[in-house]
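Encoded as structure tokens, the structure appears first; notes follow it.
The values are calculated or read from the model by the stated rules, or taken from the named source; none is laboratory data. This structure is a prediction, so every number in the text was calculated from the model and none was measured. Note: ideal-geometry Cβ built from the backbone for every residue, glycine included; neighbour counts use all protein chains shown. Protein only, heavy atoms only, side chains kept; ligands, DNA and RNA dropped before computing areas. Shrake-Rupley method; radii C 1.70, N 1.55, O 1.52, S 1.80 Å.
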Amino acid sequence: MQILPVRLSGGGRLKDVFSSICNRWNNLSVGKFSVSYAYEDDYCALQNESDFENMLFLFSNSDRINAKVDENENSSRLIVGSIIDEVSDVDEDVDDEFEYVDRMDPTEKYCKHAETRYLTEAWAHLIEGVGQEFPKGVKEFRAVLARYAIENGFMYRFVKNDQLRVTAVCVIERCEWHVHAIVNRTNGVFHIKKCHNEHNCGSTYRTNKHKRVSSRLVADEIAGIVEKKPKTSPIDMLDMFTDKYGLDLCYHTARATNPGSILRLESDPVTKEFSRLFVSFDACIKGFNYCRPFLCLDATHLKCRFKGTLLAATGKDANQCLFPIAFAICDAENYANWVWFLGLLRSTLSPRPITFITDRNAGLVNNIPVMFPGCHHAYCLYHLQFNLKDHFPGRFRKGFRTRLVELFNKCAYASSVTRFKAAEEEFYQFGGDKARTFIASVPKEHWSNAYFEGQRYGEMSSSAVESFNNWILKAREMPVFYLVDELRRKIMKQMAARRVKSMKWNSVLCPKMDKKLALFINKGRSWRIIMSKGGLYELRCLPPKVVCVEERTCSCGYWQSNGFMCRHAATVIIKACGGEGTLVDHMDPLYLVDAYRHAYEEPIYPVVESDIPDFTKEGDRVINPPRNRRPAGINIGWYLVWSHSVINKKDKEQPCLRNYSPPKQPGYLRDTKLTLHNFLKEDPAQLSENKWQGVIDL
């Protein structure tokens, strides 16, 4: 018996075996012999490729297959099919050139699985080496580094980690892998300065679990999917992330759709009644770092069944648009609630000098200097005007009080101490001693531009937060839970719309500020300038102004107090400092389009329907509503009167139900047909529904 060893592989075919037989024995040709293999106590013929594959499947766990070749003359030759790399017990006389050398892995061929390509495969090459830049700064570098470590299967720790430099090394001490990235002082771009991108610790293999898989990473990756399918549950997120990314998540990681947000809920420990709630979204916290450092604080009443007050902190972005930072829901606007709100707001904001514009509530006046040292507190001019009118009661005529407010505004807007004193003297002459008393009760450092030490950025009142209160007017009628969710949706929608809109802007300055600057430039076209020394100029206009470009000051005071150049400064820069192309170099970066885009870069993620708790089930986590409910019945403080209709003038006898505040002057209710006493005795059945003009708030 002659023996032919044949090495099989997953790509082998029956015709290749036949070819090896013909090459080994020259007297044989295809069709003049048959091949069969030994299985149990019998031989099975190999007639086609299907039989050959079945044979390989049956002997997938064996390292040897015995087969025989039958000729027409009934002589047999033995074929040894080897599935391992080396073939033993082989005739040494066999020539190697006839050996079929391909190796076969039957598991891959007969236990087939669809090839899976995970979305994380591209993460393996995110860190390229020295010189790689990250335009979005240190946050982008940290995110890229986390993804790179996840896909390459190693852990790292930070040696240095701040806004200017980051150094990371492998957690295995003997490993030489490290990366060091810093900010390029030339162009301000974050880049890799040093990098040794090879591991000698032997720990670089990918697993389905990694400590760097955070809620922020998950939210960034699947945000688009969740926005299209907002009803996606956390369990579905787990399955989806495992299938597409090959990573296992815990339920808490999948559920935290807005990581980094601050929420503080307080309730009575005994009665479990709602006390107060503070909310600040992570997107708003990070976005405010690219807004001008000023905040308006104010409160507004809620109109739901359980009353309450909403405290809000609102700023403005680079395009003069409202930018909500935080809000809180409490029982009333009082000293204790403002102290609590300011304490949480302090932990939310980044440490930088901030200008606060508020009314003169004691909780704000006394605690802002304590909780925010180094910041500036300005009083709202709008509230001061009402305080001034109240200081001069009704016996003073309306025209007198209007003129008094105009003179007070002149004092507030005065840009220098000299101008303030002139305006103050005029105010005293018109208002007399009562005007002096009012000015003495309000420190000048908190409301006059001449004495205010910080920058008000052109904001003289807390109109930003007042606009926010009007923006949420309908939401104020909702209960607490639905109020918070509605505010989240409104802010989320607003940020997304502004993010998309800003991508279409081609200018360097934001549109509103660009129009304002163009107006300033047009006004100064005919003015002439005289240079005094480097950066110091005199502007020949009426009256003349002095501009210092290096210190960003103008004698009009506008540049210092607003942070945005005035028309005098714009004229000087265009005519003496290089033209219009250099205007941006002297502009506050927080007015640029880049700052606006960064402010809305972080999104607020939607909350899926499955995360909304079931309020029908009682348990330890259920918080009861507060007790300060609106009392039922008719409010006797309102006068319900019977009067002629003002809608349908043809039917002068049509009754009309109106709400009146208590009368302030004699004859105010001169045309009253029915007093409250008579109205309560009237038979309601005699009144038709279509004749009611007003609605009673019961």
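Close Cβ contacts (under 8 Å, 6 or more residues apart or on different chains) running from residues in the stretch 293-310 that are on the phi > 0 side of the Ramachandran plot to residues that are in a strand (DSSP E or B) comprise LYS307/HIS301; GLY308/HIS301; GLY308/ILE329; GLY308/CYS330. Suppose the filter is of a type in the set (Lys, Arg), surrounded by 16 or more Cβ atoms within 10 Å (Cβ to Cβ) and either touching a residue at least 12 places away in the same chain (Cβ under 8 Å) or assigned to a helix (DSSP H, G or I) (or both); does ARG498 pass it? Considered against the rule, which asks whether it is of a type in the set (Lys, Arg), surrounded by 16 or more Cβ atoms within 10 Å (Cβ to Cβ) and either touching a residue at least 12 places away in the same chain (Cβ under 8 Å) or assigned to a helix (DSSP H, G or I) (or both), ARG498 comes out as yes.
Mind listing whichever residues of the stretch 321-352 are polar (S, T, N, Q), within 20 Å of ASP268 (Cα to Cα) and touching a residue at least 40 places away in the same chain (Cβ under 8 Å)? The answer is ASN337, and nothing else. None of ARG552, ARG621 is at pLDDT 85 or above and of a type in the set (D, E, K, R) except ARG552. The criterion of at least 1 residues that are of a type in the set (Lys, Arg) and either in contact with a Phe, Trp or Tyr (Cβ under 6 Å, 6 or more places away or on another chain) or touching a residue at least 40 places away in the same chain (Cβ under 8 Å) (or both) is met, among helices (runs of 4 or more DSSP H) falling completely within the stretch 376-469, by 398-413, 433-441. Beta carbons closer than 7 Å, at least 6 apart along the sequence or on distinct chains, never pair a first residue in the stretch 472-490 that is closer than 19 Å to SER275 by Cβ and assigned to a helix (DSSP H, G or I) with a second that is aliphatic (A, V, I, L, M) and open to solvent by 30 Å² or more (accessible area, probe 1.4 Å). In summary, strands (runs of 3 or more DSSP E) completely within the stretch 518-565 and bearing 1 or more residues that are open to solvent by less than 90 Å² (accessible area, probe 1.4 Å) and within 26 Å of ALA412 (Cα to Cα) occur at 536-540, 545-548. Among residues of the stretch 579-603 that are more than 17 Å from ASP220 (Cα to Cα) and open to solvent by 30 Å² or more (accessible area, probe 1.4 Å), those with a beta-carbon under 8 Å from a residue that is among the charged types (D, E, K, R) and at pLDDT below 90 at least six positions away or on a different chain give the pairs HIS586/ARG552. One residue stands out in the stretch 154-182 among those that are acidic (Asp, Glu) and more than 24 Å from PRO351 (Cβ to Cβ): the one that is modelled with the highest pLDDT, namely GLU176.
Is it true that VAL138 is without any contact (Cβ under 8 Å) to a residue 24 or more places away in the chain, within 26 Å of the chain's Cα centre (by Cα) and surrounded by 13 or more Cβ atoms within 10 Å (Cβ to Cβ)? When the stated conditions are applied, VAL138 does not pass them.
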